[in-house]
Amino acid sequence: MTGRVAVVGGGISGLVAAYRLRELLGPEAELTVCESTDALGGKVRTERLVGRPFDVGAEAFLARRPEAVELAEELGLGSQLAHPTGARATIRAGGRTHPLPSGTVMGLPGDPGAVADLLSEAGSRAVAAEPGLPPPSLPARDVALGPLLRERFGDELVDTLVDPLLGGVYAGGSDGLGLRATLPGLAAAVDAGAGSLTEAVAAQLPATPSSAPVFATLTGGLGSLVDRLVERSAARLRRGLPVRTLSGLPGGGWRLTFGAAATEHAPAEAELDVDAVLLAVPAPPASRLLAGVAPEASAALAEVELASMAVVSFALPPKSGLPDASGVLIGVTERRRDGAPFTAKAFTFSARKWAHHGDADAVLVRGSAGRFGESGTLRATDAELIRRVRADLAELTGITAEPLRARVTRWGGGLPQYDAGHLGRVARVERAVAEVPALEIAGASLHGVGIPACVATADAAARRLARG
């Protein structure tokens, strides 16, 4: 096909799809990206903090998955690729800050000794006993991750190590996530006959540690990726109005209707007729738009639950003495010295983690707050959230200096929860959408919440649509 295509959603998935469609369909195709807000990039957002670009949404991507690295290079951004310094991540456990243990997969040890220093004697005994339990057996369908891990390893390992790591990815804990949806390699090892979860984890660990970096970012901020995708897609942009309805036209193709009022970025016409549509929006709007055209997909997407979070960015005065670490994870059961729970679930010491943020003019730090099912934290005002997160930072690092700049960026409903029904739900969505001509879907609600996974779903959807 070479006609008119609407991409609904101007986040990273939608922009990758628009770029790939331009590459596949050529300059004559009429591509329109429809974004309900005034900002493009979705959860990828780079702002200026004390005069320098700083990511206030996603700050990095997995480099061991090829999609995002290859896309950056394809777009001419290869010279901006950067990897973390050698600073090591830490975790707050038992009122003390420890190096994040190696020899684990999402906090699960391939050898009980790997986590012994983090746990109480009772917690260590529970982990050490796991290989002696009856071999695990999994049904073909997915199962809840948390109950399985708690039964096998005990609560302490899950609360202390596993949930803080999962919370950094999904803003949710193991009790609400699915094993096969979040740790497919572990499930595959159990299916292959591993005699314990410890053995299954060991099977996932490399025989010799790899020197290849795990994460990457762009020195100009990940917003550089957004800008380049917009430029190279050469798509018409309709911003500031949501797509209200999606309906089929009698002769084939689609009609999109928009919100009633025009804005600076959105023209006044209320309708757009196109030959094909690619949806790259979160589950709730995707469900609403598909209700009349793919009801089974709509119903499945309506079941997706979302977590909200906030990023609190600080520019601290020069010579603020950060620990020699890339950051710190904080378990939900940890408490400050005054007995109050931490508001932050993690800090990234950006000035330590990334060499390009190591400038002496300011010390850059990110704190993140908000977990699935925990709405009270995010009801705080920006000023209150800054105050609480500063208090957490002081507790962990001793830094009490007034920030040169502090900023709160809220991500409402930003992270889909991959629960035990997720894989079956996605299969229903993709099966139903595939039955509708000239319609595709992509995004973080499908096969992964990270940038590489979003790039992969968007690229695949664009290629299917281009094949017609």
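The values are calculated or read from the model by the stated rules, or taken from the named source; none is laboratory data. Being a predicted model, the structure only gives us computed values, none of them experimental. We place every Cβ from the backbone using ideal geometry, glycine too, and count neighbours over all the protein chains shown.
Only one entry in Pro139, Pro84, Pro147, Pro134 is surrounded by 15 or more Cβ atoms within 10 Å (Cβ to Cβ) and not aliphatic (A, V, I, L, M), namely Pro84. Which condition does Arg52 not pass, out of (1) touching a helix residue (DSSP H, G or I) at 6+ places or on another chain (Cβ under 9 Å); (2) within 14 Å of Thr217 (Cβ to Cβ); (3) crowded, with 19+ Cβ neighbours inside 10 Å, if it passes all the others? Result: Arg52 fails condition (3) only. Among the numbered conditions (1) at pLDDT 95 or above; (2) buried (at least 21 other Cβ atoms within 10 Å of the Cβ), the only one that Leu415 does not meet is (1). Within the stretch 232-245, the residues that satisfy the criterion of being more than 12 Å from Val33 (Cβ to Cβ) and either of a type in the set (Ser, Thr, Tyr) or in contact with a helix residue (DSSP H, G or I) (Cβ under 9 Å, 6 or more places away or on another chain) (or both) are Arg232, Pro242, Arg244, Thr245.
Just a yes or no: is a residue in the stretch 231-243 more than 22 Å from Leu21 (Cβ to Cβ) and outside any loop (DSSP other than H, G, I, E, B)? Scanning the stretch 231-243, I find no residue that is more than 22 Å from Leu21 (Cβ to Cβ) and outside any loop (DSSP other than H, G, I, E, B), so the answer is no. Asp191 fulfils the conditions (1) at pLDDT below 95; (2) in contact with a Leu (Cβ under 7 Å, 6 or more places away or on another chain); (3) surrounded by fewer than 17 Cβ atoms within 10 Å (Cβ to Cβ) except for a single criterion, (1). Does the stretch 8-16 include one or more residues that are part of a strand (DSSP E or B) and in contact with a Phe, Trp or Tyr (Cβ under 9 Å, 6 or more places away or on another chain)? No, the stretch 8-16 contains no residue that is part of a strand (DSSP E or B) and in contact with a Phe, Trp or Tyr (Cβ under 9 Å, 6 or more places away or on another chain). One residue stands out in the stretch 4-39 among those that are among the charged types (D, E, K, R) and under 22 Å from the mean Cα position of the chain (by Cα): the one that is farthest from Val449 (Cα to Cα), namely Asp38. Residue count for the stretch 269-312, restricted to those that are over 23 Å from Gly448 (Cβ atoms) and in contact (Cβ under 8 Å) with a residue 12 or more places away in the chain: 11.
Tell me which residues, restricted to the stretch 10-48, are of a type in the set (S, T, N, Q) and either crowded, with 20+ Cβ neighbours inside 10 Å or touching a Pro at 6+ places or on another chain (Cβ under 6 Å) (or both).
Selection gives Ser13, Ser36, Thr46.
Would you confirm whether or not the stretch 461-468 contains a residue that is farther than 30 Å from Gly146 by Cα and within 22 Å of the chain's Cα centre (by Cα)? Checked against the condition, which is being farther than 30 Å from Gly146 by Cα and within 22 Å of the chain's Cα centre (by Cα), the stretch 461-468 yields at least one hit. For the stretch 333-446, no strands (runs of 3 or more DSSP E) sit wholly inside it while including 3 or more residues that are of a type outside the set (A, V, I, L, M, F, W, C), over 22 Å from Ser174 (Cβ atoms) and outside the structural domain of Pro317 (by TED's automatic domain parsing).
Every residue, every condition in (1) small (Gly, Ala, Ser); (2) more than 24 Å from Ala235 (Cβ to Cβ), yes or no:
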position	(1), (2)
Pro53	no, no
Gly57	yes, no
Ser79	yes, yes
Pro84	no, yes
Gly95	yes, yes
Pro101	no, yes
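Here is a list of conditions, (1) farther than 22 Å from Ala307 by Cβ; (2) in contact with a helix residue (DSSP H, G or I) (Cβ under 8 Å, 6 or more places away or on another chain), and Gly373 meets all of them except one; can you say which number that is? Unmet for Gly373, out of (1) farther than 22 Å from Ala307 by Cβ; (2) in contact with a helix residue (DSSP H, G or I) (Cβ under 8 Å, 6 or more places away or on another chain): (1).
The condition (being over 30 Å from Ser233 (Cα atoms), in contact with a helix residue (DSSP H, G or I) (Cβ under 7 Å, 6 or more places away or on another chain), among the acidic types (Asp, Glu) and touching a residue at least 60 places away in the same chain (Cβ under 8 Å)) is satisfied by just one residue among Asp459, Asp392, Asp359, Asp419: Asp419. Of everything in the stretch 290-332, what is touching a Leu at 6+ places or on another chain (Cβ under 7 Å), surrounded by fewer than 23 Cβ atoms within 10 Å (Cβ to Cβ) and assigned to a helix (DSSP H, G or I)? Give them in sequence order. Correct list: Ser298 only.
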